[in-house]
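Asker: Got a structure for you, written out below as structure tokens; questions coming shortly.
The values are calculated or read from the model by the stated rules, or taken from the named source; none is laboratory data. Only a predicted model underlies this, so the values are computations on that prediction, with no experimental measurement involved. Quick reminder, even Gly has a Cβ in these numbers, built from the backbone with ideal geometry, and neighbours come from all protein chains shown. Remember, those area values only see protein heavy atoms, side chains included, never the ligands or the DNA or RNA. Shrake-Rupley method; radii C 1.70, N 1.55, O 1.52, S 1.80 Å.
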Amino acid sequence: MSTPVRKRLAVVDRDRCQPKRCGHPCIAVCPRVRTGVEAIRTGDEGYPIVNEELCIGCGICTHNCPFDAIHIVNLPHPIQEECVHRYGVNAFALFRLPYPRPGAVVGLLGKNGTGKTTTIRILAGRTVPNFGDVTVQLDWREVSVRFRATPLQTYFEKLAENRLRVAYKPQYITRIPDAVEGSVRELLDRIGTPEEVKRIARELRLEKVLDREVKVLSGGELQRLAVAAVVLREADVYLIDEPSSYLDVEQRLQVARVIRKLATEGKSVIVAEHDLVVLDYLSDYILIYYGQEGVFGVVSHPHPVRVGINLFVKGYLPDENVLVRKRSIEFHVRPPERGFERPLAFAWGDFVKRYPQFELHVEQGSAYKGEVVGIVGPNGIGKTTFIRILAGVEKPSEGDEPHLGIVVSYKPQHPKGDAENLVREVLAPFRTRMQSDFFREELIRPLRIERLFDQRICDLSGGELQRVAIAACLLRVADVYLLDEPSAFLDVEERYAVAKVIRRIVEREGKVCFVVDHDVSFIDAVADRLMVFEGIPASRGFAHAPTDLRTGMNMFLKMLQITFRRDPDTGRPRVNKEGSALDRYQKQIGEYYYVPKES
């Protein structure tokens, strides 16, 4: 049987390439240039241009690029024929495209930088696909012809004739205040009737902010406003990019229910999401995106939701014979048990923190060396306040300061991304630890920090900035590490890589780590014990002392009246359908997270 013909894909990342600094070693070492065949040359702007037809794929230029800016990828010829869009010569390429299904939610799952947002923009009519030919500018009728004999032909024909109504929620909701003015009510009233606005405000808990100006809303409020604005539109297709960012667990499931309701009304819905629990809860089908970040992305064939997520977790797609990652993602099937008594790291007494409109009461507790304490609770309940008090950034109004006598390393909720410094300059104080075998293998490589060294902080994406901030926090020599929402902006694989990094460093160094996060499966993967915060958001909060993971999860989920089961194949947490037999049974016996047969 003959070997399939392979096509080369060459990508030059202009954000990383710095031609004025490097002297073009990529061109100097290319064997095709030395033999008179110009496989790589300098473009008008100084950036290298790789001729994909002449390149032999030796990889020498990629290894000699000091900024990791050149990627040469071999693609099977059949996949090359399925190229849907390319952003330019030697730029990112997307292969294949999903199609909306009436009455169903299609979930998009995969790494950042593999084309999920590009897919949504194409289906929304914001980006016209060029099918890999960057020299042409097609119209939507020509696009529909390219998809003949597929469901996408009809889709793009309707789009070309304005017979298809599409509602689109973009990924970056923080830009909303720059685009709209007025109050939340005024914005929603432009889209729906007063009755519809009242209903969606109740479902998404927006009643208290209806008369607030959009420009003063928090990230979570902006996210729910964006979802409300999209859902209120009368459309045939709804395209929603990352609806769970900035939301707590309860709000994520509220948003999921609202989106899920669209499908029950016969609408077509496509959602890109990184929270496995949310994606599992709202989707009917899953499409997995695989490839190389920033280089190319391939859309898998559709799978039923449980099967698709399990294939992604295991890292192998048997129907396409593709290895998505080398190792599967592992989950606790049972709550972790402490096999030995760990030495006490530090303890704190009862204390209170008061603000003009908010009050936080913290119960006395303690933390032990070598453990990770997860912190869960609604937004606006005092979790970040507690972390800031531990860090010494703020002081209690009553009670002793809990941070006295301990050295703390703190990653804030929103790392600053406006610095002009290079990443290597920011991490320079930790050079000694970075050069050790342990930190190089267990932190720098898993978080892919090396390829960011020569990037400026202000040029990093949200996920890249998050990874650098986590690395800087864990590289400091400290007794206690404080990480506030480390999973924000990270894709699924990055989240579980971070969980593994945190656990290994904390266990080896014998330190304590407090992790605040809203991703239940991430907390399940990283935490030994749990602190549960409850109360009335933006009014008063109460922080319980750390308890074992099982007790803490039961306490937290009972507050939300949500139960979880475990997938029998992967052990990942899955939300039970409200009112189902298993949901009622677990609530009856008080086991909201770990059912008895797993205990």
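Asker: Considering all projection directions equally, how large on average is the shadow of the alpha-carbon convex hull of the stretch 387-494, in square nanometres?
Answerer: 7.5
Asker: What relative contact order, as a whole-number percentage, does the chain give when Cα pairs under 8 Å and 6 or more residues apart are counted?
Answerer: 13
Asker: Now for a separate question. Is the C-alpha gyration tensor of the stretch 78-180 telling us rounded, prolate or oblate? Criteria: a/c under 1.5 is rounded; beyond that, a/b larger than b/c is prolate, otherwise oblate.
Answerer: Judged from the Cα gyration tensor, the stretch 78-180 comes out rounded (a/c under 1.5).
Asker: Report for the chain the percent antiparallel among DSSP-assigned beta bridges with both residues inside it, nearest 5.
Answerer: Around 50 percent antiparallel, to the nearest 5.
Asker: How do 547-555, 277-285, 198-206 rank on mean C-beta neighbours within 10 Å, highest first?
Answerer: Result, highest mean first: 277-285, 547-555, 198-206.
Asker: Could you list, in their original order, any pairs among 411/558; 116/208; 215/267; 116/558; 169/215 whose Cα atoms are separated by more than 23 Å?
Answerer: Result: 411/558; 116/208; 215/267; 116/558 exceed 23 Å.
Asker: With no solvent and one point on each alpha carbon, what is the Debye value of log10 I(q)/I(0) for the chain at q = 0.10, 0.12 Å⁻¹?
Answerer: With one equal scatterer per Cα and no solvent, log10 I(q)/I(0) is -0.97, -1.37.
Asker: If eta is 0.692 mPa s and T is 37 °C, what Stokes-Einstein diffusion coefficient results for the stretch 311-400, Kirkwood Rh from Cα pairs, in µm²/s?
Answerer: 192
Asker: If I ignore ligands, DNA and RNA and count only protein heavy atoms, how much of residue 459 is accessible to a 1.4 Å probe, in Å² to the nearest 10?
Answerer: Answer for residue 459: close to 90 Å² accessible.
Asker: Based on the Cβ-Cβ distance of residue 212 and residue 35, what FRET efficiency does E = 1/(1 + (r/R0)^6) give at R0 = 45 Å, to the nearest 0.05?
Answerer: FRET efficiency, residue 212 to residue 35: 0.10.
Asker: For the stretch 301-309, what does the Karplus curve 6.51 cos²θ - 1.76 cosθ + 1.60, with θ = phi - 60°, yield as ³J(HN,Hα) per residue in whole Hz, taken in order and with x for Gly and Pro?
Answerer: With coefficients 6.51, -1.76 and 1.60, one gets 6, x, 10, x, 4, 5, 5, x, 5 Hz.
Asker: Rounded, prolate or oblate: which fits the stretch 257-326, taking a ≥ b ≥ c as square roots of the Cα gyration tensor eigenvalues, rounded meaning a/c under 1.5, else prolate when a/b beats b/c?
Answerer: Prolate, since a/c reaches 1.5 and a/b exceeds b/c.
Asker: May I pose another question? Accessible area of the chain with a 1.4 Å probe: how many percent of it is carbon plus sulfur?
Answerer: Of the solvent-accessible surface of the chain, carbon and sulfur hold 48 percent.
Asker: Evaluate the Kirkwood expression for the hydrodynamic radius of the stretch 459-599, namely the inverse of the mean inverse distance over all pairs of different C-alpha atoms, and round to one decimal in Å.
Answerer: 16.7
Asker: More than 18 Å apart: what percent of Cα pairs in the stretch 484-537 qualify?
Answerer: 31
Asker: What list of ³J(HN,Hα) couplings, whole Hz, do you get for the stretch 544-556 from phi and the Karplus terms 6.51, -1.76, 1.60, once you set θ to phi - 60° and write x for glycine and proline?
Answerer: Karplus values, whole Hz, x for Gly and Pro: 6, 5, x, 9, 5, 4, 5, 4, x, 5, 4, 5, 5.
Asker: Restricting attention to the chain, give the cysteines that have no other cysteine Cβ less than 4.7 angstrom from their Cβ.
Answerer: 17, 22, 30, 55, 58, 65, 83, 458, 473, 513
Asker: Between 0 and 90 degrees, rounded to the nearest ten: what's the tilt of helix 194-203 against the longest Cα principal axis of the chain?
Answerer: Rounded to the nearest ten degrees, it is 70.
Asker: Okay, moving on. Across the Cα atoms of the stretch 24-76, what radius of gyration and what greatest pairwise Cα-Cα distance (Dmax) are found, in Å?
Answerer: Using the Cα atoms of the stretch 24-76, the pair Rg, Dmax is 10.4, 31 Å.
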